[in-house]
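The values are calculated or read from the model by the stated rules, or taken from the named source; none is laboratory data. Please read these numbers as outputs of a predicted model, since none were measured by experiment. Here Cβ is always computed from backbone atoms with ideal geometry, including for glycine, and neighbour counts include all displayed protein chains.
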Amino acid sequence: MTEFKKRQDVRTLHESIGPGPLRVLDLPCGSGRLIEPMARRAYRVVGADISEEMLAATQRRLGGRRGLAGLVRCDVRQLPFRERSFDLVVCMRFLYYFGREERAALIREMSRLSRKWLLMQYRLQETLPSFLWRMRYRAGITDRDRSRRGLTVSDIRREVYDAAGLRVVRVRRVSVWFSDRAYILCARTR
C-alpha cells in the first residue's frame, strides 16, 4: 500500500464524514493502514480481519495506540458485533473480488452493523483504465477482459439500495485517469 493511496483513502473519509468522535469498523483491516490516521482524528476504530498474520502485524504496529478500540479475527460473512454498533463501517479494496450475490450479502451484513454510514470502494466500468483493458483484450494483448469487472454508478446505486436499503450520498473517483476505482459513501435509510 503506497502512502499516496493511504492518504487518499483517509482524505476521502474525512471529507465525507467529518471529524470524530465516531466509532468505526475497518473491514477487513489488513495491516491497519487506515486505523492509525483515523485514530488521530478522534475516531475509535475496531479492526476486523480473517487473517491472524495481518492482525498480528497491526497489533505490533499499533498496539496500545490511542483510538484503537480493538482487533477482532472474524469472517466478513458473520461479523460478531451487535446491530448498529458502529457509526461508520469502512470497506476498502475488497468488495470487487466478489460476485453480485455475495457482495449483496456482505453489504447487508455491514449495513446491519452501521448506525449511519458505510464507506466502500467499488470498481467502475466507465473509466479510462477500463476502456484501455477492453482495447488490450480486443487487440489480443491480454487474455482477460478486466473491463467487465466494474459497475456503472447507476448499477452501484441500485445494488446498495436493493441489498440493504442504502442511499448513495457521494461517489468520488480515486483518479479519473489512472484508476477504475471509486469511493462510495452510503447512508442508511431505515
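Does residue 81 qualify as being among the aromatic types (Phe, Trp, Tyr), surrounded by 14 or more Cβ atoms within 10 Å (Cβ to Cβ) and within 17 Å of the chain's Cα centre (by Cα)? Answer is no for this residue.
Kindly check whether there is at least one residue in the range 109-125 that is at pLDDT below 90, more than 18 Å from residue 25 (Cα to Cα) and outside any strand (DSSP E or B).
Filtering the range 109-125 for residues at pLDDT below 90 gives 123-125.
Checking the rest, the ones that are also more than 18 Å from residue 25 (Cα to Cα) come to 123-125.
So of that shortlist, the ones also outside any strand (DSSP E or B) come out as 125.
Yes - at least one qualifying residue is present in the range 109-125.
Being crowded, with 18+ Cβ neighbours inside 10 Å and either among the acidic types (Asp, Glu) or in a helix (DSSP H, G or I) (or both) is the filter here, so list the residues in the range 26-74 that pass it. Walk me through how you get there before you give the answer.
Taking the range 26-74 as the starting set, the residues that turn out to be crowded, with 18+ Cβ neighbours inside 10 Å are 26-35, 37-39, 41, 43-49, 54-55, 58, 62, 67-68, 71.
Those that are crowded, with 18+ Cβ neighbours inside 10 Å and either among the acidic types (Asp, Glu) or in a helix (DSSP H, G or I) (or both): 26, 35, 37, 38, 39, 49, 54, 55, 58, 62.
On the given criteria, is residue 58 modelled with pLDDT under 90, over 24 Å from residue 190 (Cα atoms) and of a type in the set (S, T, N, Q)? If you could, list the steps in order and put the result at the bottom.
Working: modelled with pLDDT under 90: no; over 24 Å from residue 190 (Cα atoms): yes; of a type in the set (S, T, N, Q): yes.
Criteria not met by residue 58.
State which residue is nearest to residue 84 (Cα to Cα) when the search covers only the range 109-140 and only residues that are buried (at least 16 other Cβ atoms within 10 Å of the Cβ) and among the aromatic types (Phe, Trp, Tyr). So, considering only residues that are buried (at least 16 other Cβ atoms within 10 Å of the Cβ) and among the aromatic types (Phe, Trp, Tyr), the one nearest to residue 84 (Cα to Cα) is 117. Pick from the range 92-108 the residues that are buried (at least 18 other Cβ atoms within 10 Å of the Cβ) and modelled with pLDDT of 95 or more: which of them is farthest from residue 50 (Cα to Cα)? Once the filter is applied, the top-ranked residue is 107. Within the range 167-190, the set of residues being buried (at least 17 other Cβ atoms within 10 Å of the Cβ), touching a residue at least 24 places away in the same chain (Cβ under 8 Å) and under 19 Å from residue 110 (Cβ atoms) comprises 181, 182, 183, 184, 185, 186.
Being in contact (Cβ under 8 Å) with a residue 24 or more places away in the chain and among the polar types (S, T, N, Q) is the filter here, so list the residues in the range 108-145 that pass it. Listed by number, the residues that qualify are 111, 114, 121, 125, 127, 130.
The residues of the range 48-102 that are touching a Ser or Thr at 6+ places or on another chain (Cβ under 8 Å) and touching a residue at least 40 places away in the same chain (Cβ under 8 Å), listed by number, are 71, 86, 87, 88, 89.
Any residue in the range 1-24 that's among the charged types (D, E, K, R) and assigned to a strand (DSSP E or B): show its pairings with residues that are modelled with pLDDT of 75 or more and surrounded by 12 or more Cβ atoms within 10 Å (Cβ to Cβ) at Cβ separation under 8 Å, as long as the two are six or more apart or on different chains. As it stands, the answer is 23/43; 23/44; 23/46; 23/69; 23/85; 23/86; 23/87; 23/88, since those pairs meet every condition given.
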